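One structure is given below, encoded as structure tokens.
Read-outs throughout are calculated quantities, based only on the coordinates presented, and are distinct from any laboratory measurement. Remember, predicted model here, so these are calculated numbers, not experimental data. Note that we place each Cβ from the backbone using ideal geometry, even for glycine, and neighbour counts take in every protein chain shown.
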Amino acid sequence: MALISALCTAVGAAPAGAAPPDLQAVTAGMVDINSVLGGNQFGKLAGTGIVLSSGGEVLTNYHVVEDSVSMTATDLGNGATYPARVVGVDRKRDIAVVQLVGASGLPTPPFGDSTSVRVGDHVVGLGNAGGRGGPPRPAPGVVAALDQSLPIMDTTSGGFEYLHGLIQVSADIQAGDSGGPLVDADGRIVGMDTAAMPDPAGVQGYAIPITSALQTVDQIGSAAAQPVG
């Protein structure tokens with residue numbers, strides 16, 4: 001799977017009239033993910049994750065962990081780096097669950113309800129922009145559209161599929177932000193940064209609604225718990 005993303009100049013200020021949310025609690029519940037790739041995709045890949053449990057369960061995009069042969073994640077709450085392994089994925093929804101090996105006592109971020117998101121809402125995207133690590137770069141913007149579809153390339157077949165139901169935002173989402181939180185004006189996570197595409201009016205970012213992402217996480221967990229045989 002390959003998502004079309006754009007590297008752009010970071011947005012340095014919140015949109016006019018937006019009161020910047022308190023991002024400290026969200027930042028403490030994030031991880032920077034670094035993967036070593038195998039198969040036909042030799043090299044390294046950086047992304048972001050959202051902590052789901054104090055025991056180190058993390059939500060990210062499938063395309064962040066696809067073809068990974070080894071992976072580490074640095075928790076932004078405590079600064080520790082952990083080996084990480086993939087617990088389960090939903091490839092078609094571009095969602096993966098990762099476990100930080102040996103993690104405990106991690107802070108979890110506040111989650112909101114993405115079904116309450118409306119066009120015009122102020123949001124901030126956070127993530128490991130450019131794979132630089134360290135404090136996440138805020139990317140402020142507004143919700144431009146809801147229930148959007150985005151083409152993705154299947155790296156196995158070479159054909160295209162679509163992600164559906166996405167939140168489109170004017171935030172400057174960059175490579176490395178994938179898997180990071182999209183935060184509303186109340187400082188709660190309402191989406192997961194997933195992709196960006198160029199547009200005549202400027203770069204448009206896309207996020208998976210957090211409510212549907214967490215539903216998929218539950219489905220992944222249920223499938224992983226099923227006995228074999």
- Got a sec to turn the phi values of the range 55-72 into Karplus ³J(HN,Hα) couplings, 6.51 cos²θ - 1.76 cosθ + 1.60 with θ = phi - 60°, whole Hz, x for Gly and Pro? x, x, 7, 10, 9, 8, 7, 4, 5, 6, 10, 4, 6, 6, 9, 7, 8, 10
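Using a ≥ b ≥ c from the Cα gyration tensor of the range 53-119 (square roots of the eigenvalues), is it rounded, prolate or oblate, where a/c under 1.5 gives rounded and otherwise the larger of a/b and b/c decides, a/b for prolate? Working shown, then result.
Values: a/c = 2.41, a/b = 1.20, b/c = 2.01.
Here the range 53-119 falls in the oblate category.
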- Farthest toward the dipole's positive end in the range 100-170, which of G133, Q148, H164, given Cβ charges of +1 (Lys, Arg) and -1 (Asp, Glu) about the Cα centre? G133
- For the range 99-218, rounded, prolate or oblate, judged on the Cα gyration tensor with a ≥ b ≥ c (square roots of eigenvalues), a/c < 1.5 rounded, else prolate if a/b > b/c? rounded
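Which ordering of V119, V183, V142, V89 is given by a fewest-first count of other beta-carbon atoms within 10 Å?
Details: V119 11, V183 30, V142 16, V89 20.
The order, fewest Cβ neighbours first, is V119, V142, V89, V183.
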- For the residue pair A28 and A201, what label-to-label distance in nm results when each label sits 7 Å from Cα along the Cα-to-beta-carbon direction? 3.7 nm
- Task: Show the residues, 5+ positions off or on another chain, whose built amide H is closer than 5 Å to the amide H of V87.
- Result: V97, V98, Q99
- Item | Estimated FRET transfer efficiency (S116, A80; beta-carbon r; R0 41 Å; 0.05) | 0.75
